[in-house]
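Participant: There's a structure below that I have some questions on.
The values are calculated or read from the model by the stated rules, or taken from the named source; none is laboratory data. Note that this is a predicted model, so its numbers are computed, not measured. With ideal geometry, Cβ positions are generated from the backbone for all residues, glycine too; neighbour counts draw on all protein chains shown.
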Ligand SMILES: [Ca+2]
Ligand SMILES: [Ca+2]
């Protein structure tokens with residue numbers, strides 16, 4: 001039986017005071033426009049940070065630790081949040097009692113490299129029907145792998161939790177060898193009509209530009225996983241008819257803002273991590289255009305006016321390796337409503353991106369205490385406080401609250 005109730009105590013409380021976040025919105029004076037051509041070409045505020053950090057204006061509490069946590073989502077109408085662990089275990093945490101339940105009946109996952117159990121979101125109807133969407137990596141023939149999305153029920157009672165009626169509703173095609181760049185983040189449109197899935201290019205480069213695959217794309221699906229009506233290539237055959245945007249490398253964050261705009265964080269090549277505003281039918285350039293360069297040292301043409309590729313709203317050089325994306329809408333931190341929060345893996349910090357309409361600018365970068373580690377996921381709680389998951393073995397769950 002894997003029905004284990006873990007008692008998890010508060011591990012530590014770090015009071016980091018009420019240090020001003022800098023006011024200017026820049027990271028300790030080290031931010032600078034990195035490519036005036038890209039900025040002027042897109043008419044946006046593309047910028048780069050160089051890793052300077054400022055003091056966090058919130059309290060950070062370490063509340064629990066997990067084994068390679070990957071994603072987290074709050075289950076509306078309940079005291080619970082669900083947390084995935086890359087190795088395959090799903091956990092339900094009672095956020096009020098501070099206890100964890102191991103979920104039974106997860107799918108078999110092909111854990112390895114960057115893949116395993118991935119994202120989880122609750123359907124808008126969760127309170128009525130316990131419906132969730134889950135992504136993971138499944139094995140294929142001859143050592144191949146691919147991400148899939150499943151739809152099922154996450155049923156929780158006081159002493160146990162289990163997945164029921166899990167059906168695979170979407171698959172990456174084709175399955176290829178390797179254990180990287182699955183992407184497989186999930187986001188439901190604010191009206192609950194569409195399921196958006198991010199699909200990485202599986203370290204194969206060219207599929208991101210090939211409409212005959214769903215690798216390196218953002219897909220817009222119906223809640224049952226079928227291609228949504230009115231997609232840009234809806235007159236073409238599967239899987240082209242799933243495609244919403246293309247030219248993506250490893251899109252690890254997807255989030256809607258209050259105006260209904262879809263934003264994406266994308267792990268780019270060396271010096272090319274991006275925040276993009278996702279538009280239907282737009283080509284985001286990978287691997288033909290990037291403000292970064294290949295890790296081999298080979299250059300990639302920067303985004304430039306008239307090249308036919310959508311330029312990022314923000315990019316980072318050096319890389320920060322975005323692991324996720326959250327757009328804030330709560331009341332605990334009213335000054336940040338509408339801004340994006342990015343957990344940085346190699347950047348070992350939590351980054352705030354100031355969003356103003358459809359433009360975006362890198363603002364704060366916090367690496368205080370436990371934020372100064374590889375960070376995988378950021379979520380907003382029902383009360384507007386912010387939750388962060390560190391990456392890797394023993395990755396801690398951190399609670400960010402307004403200063404006392
Ligand atoms: Ca999440
Ligand atoms: Ca370049």
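Participant: Please list, ordered by first then second residue, the pairs with beta carbon atoms under 9 Å, 6 or more apart or interchain, first in region 141-158 and on the phi > 0 side of the Ramachandran plot and at pLDDT below 95, second surrounded by 23 or more Cβ atoms within 10 Å (Cβ to Cβ) and not in a strand (DSSP E or B).
Facilitator: Taking only residues 6 or more apart or on different chains, not a single pair turns up.
Participant: Looking only at region 67-102, which residues are away from ligand 1 (no atom under 12 Å from the Cβ) and touching a helix residue (DSSP H, G or I) at 6+ places or on another chain (Cβ under 8 Å)?
Facilitator: Hits for region 67-102 are 76, 77, 78.
Participant: In this structure, does residue 394 turn out to be within 18 Å of the chain's Cα centre (by Cα) and touching a residue at least 60 places away in the same chain (Cβ under 8 Å)?
Facilitator: In short, no.
Participant: Please go through region 277-293 and give me each residue that is touching a strand residue (DSSP E or B) at 6+ places or on another chain (Cβ under 7 Å) and either within 11 Å of residue 249 (Cβ to Cβ) or within 10 Å of ligand 2 (Cβ to nearest atom) (or both), ordered by number.
Facilitator: Within region 277-293, 284, 291, 292, 293 meet the criteria.
Participant: Tally time: how many residues in region 123-160 are assigned to a helix (DSSP H, G or I) and either in contact with a helix residue (DSSP H, G or I) (Cβ under 8 Å, 6 or more places away or on another chain) or crowded, with 19+ Cβ neighbours inside 10 Å (or both)?
Facilitator: The number of residues fulfilling the criteria is 1.
Participant: If you go through region 213-225 one residue at a time, do you hit one that is touching a helix residue (DSSP H, G or I) at 6+ places or on another chain (Cβ under 6 Å) and within 16 Å of ligand 2 (Cβ to nearest atom)?
Facilitator: no
Participant: Do we find a residue being in contact with a strand residue (DSSP E or B) (Cβ under 8 Å, 6 or more places away or on another chain), crowded, with 24+ Cβ neighbours inside 10 Å and either without any contact (Cβ under 8 Å) to a residue 12 or more places away in the chain or part of a strand (DSSP E or B) (or both) anywhere in region 102-114?
Facilitator: Scanning region 102-114, I find no residue that is in contact with a strand residue (DSSP E or B) (Cβ under 8 Å, 6 or more places away or on another chain), crowded, with 24+ Cβ neighbours inside 10 Å and either without any contact (Cβ under 8 Å) to a residue 12 or more places away in the chain or part of a strand (DSSP E or B) (or both), so the answer is no.
Participant: Does region 319-329 contain any residue that is part of a strand (DSSP E or B), within 16 Å of ligand 2 (Cβ to nearest atom), within 16 Å of residue 248 (Cβ to Cβ) and touching a residue at least 12 places away in the same chain (Cβ under 8 Å)?
Facilitator: no
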